[in-house]
Amino acid sequence: MKERYDFKEIEGKWQKYWEAENLYTVPDFSQRPKYYCLEMFPYPSGKLHMGHVRNYSIGDVVARFKTMKGYNVLHPMGWDAFGLPAENAAIKHGNMHPAEWTIDNIDTMREQLKQLGISYDWNREIATCHPGYYKWTQWLFLQLYKHGLAYKKKAAVNWCPSCATVLANEQVKEGSCERCKTIVEKRELEQWFFRITNYADRLLDDIKLLEGWPEKVKIMQENWIGRSEGAEIHFPIEGLEESFTVFTTRPDTVYGVTYMVLAPEHPLVEKIIDDKPQAAEIREFVNNVRNLSEIARTATDAEKIGLFTGGYCINPMNGEKVPILVANYVLLEYGTGAVMGVPAHDQRDFEFARKYNLPIRIVIQPDGPDLDPDTMAEAYSGDGKMVNSGPFNGTPKEEGIKAVINYLEEKKLGRGVVNFRLRDWLISRQRYWGAPIPMIYCPQCGVVPVPEQDLPVLLPGNVEFKPTGRSPLADSPDFVNTTCPECGKPARRETDTMDTFMCSSFYYYRYTSPRDENAVWDREKVNGWLPVDQYIGGVEHAILHLLYSRFFTKFLYDVGLIKNIEPFTNLLTQGMVLKDGAKMSKSKGNVVSPEEIVATYGADTARLFILFAAPPERDLEWSDQGVEGCYRFLHRVWRLVAPMSEELLKAPSGFDGKPAGVNREMRRLTHATIKKVTEDTGNRFNFNTAVSAIMELVNGLYQYKELPETDRDPAVMREAVEHLLILLAPFAPHITEELWAGIGHRDSIHRQPWPEYDPEAIIEDEITIVVQLNGKVRERVLVPADITPDKMKELVLAQPRVQNMIEGKQVVKVIPVPGKLVNIVVK
Ligand SMILES: [Zn+2]
Ligand SMILES: [Zn+2]
């Protein structure tokens with residue numbers, strides 16, 4: 001073998017070999033148990049960044065490890081290829097088509113992934129912008145439509161004037177467009193929605209099934225769904241034949257209402273102020289508030305501004321007149337657009353009441369000193385008994401909630417309800433580069449779905465991309481004009497395209513049947529592979545992508561297309577890659593390009609550094625010295641193994657008798673390393689500690705190699721080196737493959753079974769026990785591992801330091817605990 005480690009030669013050579021041998025092609029059906037290892041597929045934005053390299057290196061170790069552990073591992077890769085950047089790039093570059101831009105990027109990134117030596121089954125590659133894929137995106141839209149889960153309505157939407165598109169609430173960050181940072185406006189548009197709210201209860205309940213998910217992600221999902229139990233109460237408006245409804249989680253405090261707040265956009269505001277002197281002032285206020293984003297209005301530190309409308313409503317419980325205000329912090333989209341003000345028992349209401357000098361009335365009195373509305377410093381939301389509440393006086397809080405709901409329902413003044421924060425999923429996009437929504441508008445038949453056999457509805461090739469506020473598809477007569485599938489007369493196509501979150505909600509099912517033209521997937525295959533055993537990706541997808549995927553999964557289950565009710569059994573959210581303490585970004589100028597690292601040090605070094613520098617969930621601080629260190633380590637492995645290859649080739653593979661002395665020590669280190677790497681890699685994903693254990697094994701091997709040849713056992717050496725290579729193989733697949741071949745193996749190292757450690761070999765000859773004096777640890781003593789309790793006592797008491805300890809005292813008892821300690825009880 002060559003004297004020097006030459007990654008350039010090795011890496012290309014083995015990548016070609018693996019491809020030629022179809023090493024990573026996985027059969028759909030196998031005697032081996034299945035394991036589905038999945039990394040979130042990337043948006044083909046140009047080139048891989050370090051975050052990608054981290055994501056895929058982690059996934060690759062898991063996939064390779066599980067394969068060696070005897071699983072049939074599905075490890076696919078594809079492209080989340082529709083979306084705005086392609087279209088924006090096309091606009092920017094004038095004559096470039098989004099498809100061209102996207103496919104170029106895919107080619108570049110695929111090549112980069114191959115250079116990293118990631119073990120993907122490329123036969124299963126998918127791209128969501130390919131008609132063979134989006135045919136099924138459209139087909140699934142039709143299934144949702146058929147089941148009443150896709151519908152169209154006019155809605156105020158978040159509009160980014162710069163991107164000229166609708167944004168989901170989730171894509172609005174602090175009032176601005178997530179992509180371009182422009183302040184988001186509101187617009188009324190006819191939009192397609194998915195009725196995800198029908199699944200709110202199940203999406204929430206089934207979070208408890210997600211035992212393999214990080215706690216923080218589950219909490220984020222729970223908060224996003226936002227279930228709250230309470231009551232709707234109707235409040236009639238004085239002098240009008242109208243009433244409005246409020247939702248409250250605390251119907252037990254309804255006697256404490258001292259004011260009422262409506263959202264400025266509430267449809268009744270205009271009727272209430274119509275004949276009031278305040279009308280002009282309120283109208284101006286309403287207009288101002290309308291233009292503010294939801295986030296700006298509801299931020300906890302935003303100033304809460306309210307105005308009296310001049311109107312009153314009637315508290316249905318006690319007939320009291322309650323003043324009606326409008327305020328910036330109440331939104332029409334959430335709840336009912338009306339909030340009852342109970343300042344004594346709600347902190348936001350309390351602050352608002354203090355600011356505007358509104359009355360505060362105690363209706364829940366805790367045990368202990370009475371609350372005093374004039375002096376209390378904050379609202380009281382704890383337990384207590386109802387007071388000032390007519391017939392309910394004396395009822396404890398929890399009981400009171402139920403009692404008031406019963407009363408409201410009996411008198412038809414309101415009802416108990418469950419409210420969710422989750423809204424329906426807005427999927428319409430007025431952009432070109434997405435899957436066209438497969439619907440047709442006929443003047444006679446109305447809204448008609450495209451027949452399934454006519455799918456896919458293809459994107460037209462030649463369109464202007466200039467953002468105008470309506471879909472570019474609307475300007476393509478060839479696309480728009482069609483015939484009605486029902487009556488055959490001229491009709492128009494829907495011109496909106498689908499949110500790309502739709503494409504990514506089912507891609508992991510499609511990997512099981514990536515080229516199937518007749519069905520979205522083969523049932524037997526999908527049920528054989530799913531659910532995904534390990535999903536790996538960034539925490540930025542903790543809410544939307546995962547929630548939408550869970551929604552799709554439940555729908556697909558309901559219609560019998562799959563058998564699993566949750567898509568991802570285990571989830572790992574990897575940390576960010578930082579440099580100088582900040583996330584790598586072009587604007588900060590702290591980007592390290594994977595290309596450069598791979599060109600300078602090779603893929604094995606890049607992977608090893610990424611896996612060694614931090615545990616997967618934590619952020620990883622980039623360190624040039626760290627990269628150098630990993631590069632030196634791989635050289636060290638090379639220099640250890642390569643010169644010995646001849647010697648190792650001749651070494652026997654079994655042992656004559658039991659190795660003893662230094663040979664036993666070497667074996668102990670080998671097997672202790674197998675145990676540690678197996679546990680760290682398999683159970684805990686602590687790749688960093690697994691790698692450092694491998695580094696210690698290399699150190700031990702160097703020391704062992706220095707021993708006189710007569711002391712060393714060639715079989716022990718061979719066992720140690722072979723296991724070193726196998727343990728390192730998932731982390732550094734190329735160098736290990738080369739050295740493996742160099743010591744005489746013909747079969748790929750990546751097809752070797754993962755080794756089991758020999759429990760006999762890891763037993764240490766000597767162990768450390770502690771000496772306690774009256775239960776307190778005082779000393780540590782090295783004893784033979786197989787020592788008897790009596791010998792333990794004898795040996796401990798013979799220690800000079802122990803003798804000093806007990807000098808002049810009376811030894812009452814000596815209690816040996818084998819393998820652990822000896823306790824000496826003295827008086
Ligand atoms: Zn924008
Ligand atoms: Zn028709």
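The values are calculated or read from the model by the stated rules, or taken from the named source; none is laboratory data. None of these values were measured; they are calculated from a predicted model. We place every Cβ from the backbone using ideal geometry, glycine too, and count neighbours over all the protein chains shown. Note: areas computed on protein heavy atoms with side chains; ligands, DNA, RNA excluded. Shrake-Rupley method; radii C 1.70, N 1.55, O 1.52, S 1.80 Å.
Summary of computed values
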quantity: Cα lying deepest toward the dipole's positive end in the range 593-696, options Leu648, Ala614, Gly629, charges on Cβ; calculated: Leu648
quantity: Approximate shape of the range 205-323 as ellipsoid semi-axes (Cα gyration tensor, √5λ), whole Å, largest first; calculated: 35, 21, 11
quantity: The range 146-237: projected area of the alpha-carbon convex hull, averaged over directions, in nm²; calculated: 9.9 nm²
quantity: Over 15 Å [Cα-Cα, the range 583-660], rounded percent; calculated: 69 percent
quantity: Residues of the range 1-95: accessible area per residue with a 1.4 Å probe, Å²; calculated: 42 Å²
quantity: Estimated 222 nm signal from helices in the chain, with DSSP H stretches of n ≥ 4 weighted -39500 (n - 2.57), rounded to 500; calculated: -11000 deg cm²/dmol
quantity: Placed amide H near Asp496: partners under 5 Å, 5+ positions off or other chain; calculated: Ile437
quantity: Carbon plus sulfur fraction of accessible area for the range 603-680, probe 1.4 Å, in percent; calculated: 50 percent
quantity: Where the range 360-480 is the region considered: accessible area per residue in Å², 1.4 Å probe; calculated: 50 Å²
quantity: Bridge type composition, the chain - antiparallel percent by DSSP, nearest 5; calculated: 75 percent
quantity: With eigenvalues of the C-alpha gyration tensor scaled by 5 and rooted, the range 336-400, Å; calculated: 20, 15, 10
quantity: Nearest-ten-degree value, helix 661-682 long axis tilted from longest Cα axis of the chain; calculated: 10 degrees
quantity: Highest-first arrangement of 656-668, 245-257, 418-430, where packing means the average Cβ count within 10 Å; calculated: 245-257, 418-430, 656-668
quantity: Too-long pairs where the Cα-Cα distance tops 23 Å, listed order kept, from Lys8/Lys586; Lys776/Lys809; Lys186/Lys586; Lys154/Lys276; Lys650/Lys705; Lys216/Lys304; calculated: Lys8/Lys586; Lys186/Lys586; Lys154/Lys276; Lys216/Lys304
quantity: Portion, in percent, of the accessible area of the range 713-827 that falls on carbon or sulfur, probe 1.4 Å; calculated: 49 percent
quantity: Within the accessible area of the range 149-301 (1.4 Å probe), percent carbon and sulfur; calculated: 47 percent
quantity: Zero-based 20 Å bins, Cα pair distances in the chain, whole percents; calculated: 13, 33, 30, 19, 5, 0
quantity: The range 350-427 - charge dipole about Cα centre, Lys and Arg +1 at Cβ, Asp and Glu -1, debye rounded to 20; calculated: 440 debye
quantity: Tensor-based shape of the range 444-518 (alpha-carbon gyration tensor, a/c under 1.5 rounded, otherwise prolate or oblate); calculated: oblate
quantity: Listed peptides 761-769, 690-698, 639-647, 806-814 by packing density, highest first (mean Cβ within 10 Å); calculated: 690-698, 639-647, 761-769, 806-814
quantity: For the range 99-140 and the range 210-245, distance of Cα centres in Å; calculated: 40 Å
quantity: Relative counts (whole %) of C-alpha pair distances in the range 476-597, using bins that are 10 Å wide; calculated: 10, 27, 23, 23, 13, 3, 0
quantity: Lys, Arg +1 and Asp, Glu -1 on Cβ, resulting dipole of the range 1-56 about Cα centre, debye, nearest 20; calculated: 120 debye
quantity: Equivalent-ellipsoid semi-axes of the range 637-741, from the Cα gyration tensor, Å, largest first; calculated: 23, 16, 11
quantity: For the range 527-656: span of alpha carbons on each principal axis (Å, largest first); calculated: 63, 54, 23
quantity: In degrees, nearest ten, helix 50-68 long axis to first principal axis of the chain (Cα); calculated: 60 degrees
quantity: Alpha-carbon centroids, the range 1-66 and the range 629-684: separation in whole Å; calculated: 24 Å
quantity: Integer Hz, Karplus 6.51/-1.76/1.60 couplings in order for the range 212-225, x for Gly and Pro; calculated: x, 9, x, 3, 5, 5, 5, 5, 4, 5, 4, 5, 5, 5
quantity: Estimated vicinal HN-Hα couplings, Hz - the range 263-276 in sequence order (Karplus 6.51, -1.76, 1.60; Gly, Pro = x); calculated: 5, x, 7, 4, x, 7, 4, 4, 5, 5, 8, 2, 9, 9
quantity: Kirkwood-based Rg to Rh ratio, the range 766-807, C-alpha trace; calculated: 0.95
quantity: Cα lying deepest toward the dipole's positive end in the chain, options Gly117, Gly775, Trp638, charges on Cβ; calculated: Gly775
quantity: Amide H within-cut-off set for Trp159, under 5 Å, with H built and near neighbours excluded; calculated: Leu167, Glu185, Lys186, Arg187
quantity: Ratio Rg/Rh, restricted to the range 710-780 and using Cα atoms, in which Rh is the Kirkwood radius; calculated: 1.27
quantity: Centre separation in Å (Cα based) which lies between the range 754-792 and the range 395-464; calculated: 66 Å
quantity: Cβ charges +1 (Lys, Arg) and -1 (Asp, Glu), total dipole of the chain, debye; calculated: 500 debye
quantity: Other-chain or far-sequence residues with amide H under 5 Å of Val577's (modelled H); calculated: Met584, Leu620
quantity: Solution diffusion estimate, µm²/s, Stokes-Einstein, the range 690-816, Kirkwood Rh from C-alpha pairs, 37 °C, viscosity 0.692 mPa s; calculated: 175 µm²/s
quantity: Rounded to 10°, Cα long-axis angle of helix 624-641 versus longest principal axis of the chain; calculated: 30 degrees
quantity: Selection from Val814, Val532, Phe82, by position along the positive dipole direction of the chain (Cβ); calculated: Val814
quantity: Rg over Rh, two decimals, the range 1-148 (C-alpha only, Kirkwood Rh); calculated: 1.04
quantity: When the range 365-457 is reduced to its Cα atoms, the Kirkwood hydrodynamic radius in Å; calculated: 19.5 Å
quantity: Spread of Cα-to-Cα distances over 10 Å intervals beginning at zero, given as percent, for the range 94-158; calculated: 15, 29, 28, 21, 7
quantity: Pairs of Lys in the range 331-433 closer than 18 Å at Cα, counting only those 8 or more apart or on different chains; calculated: 4
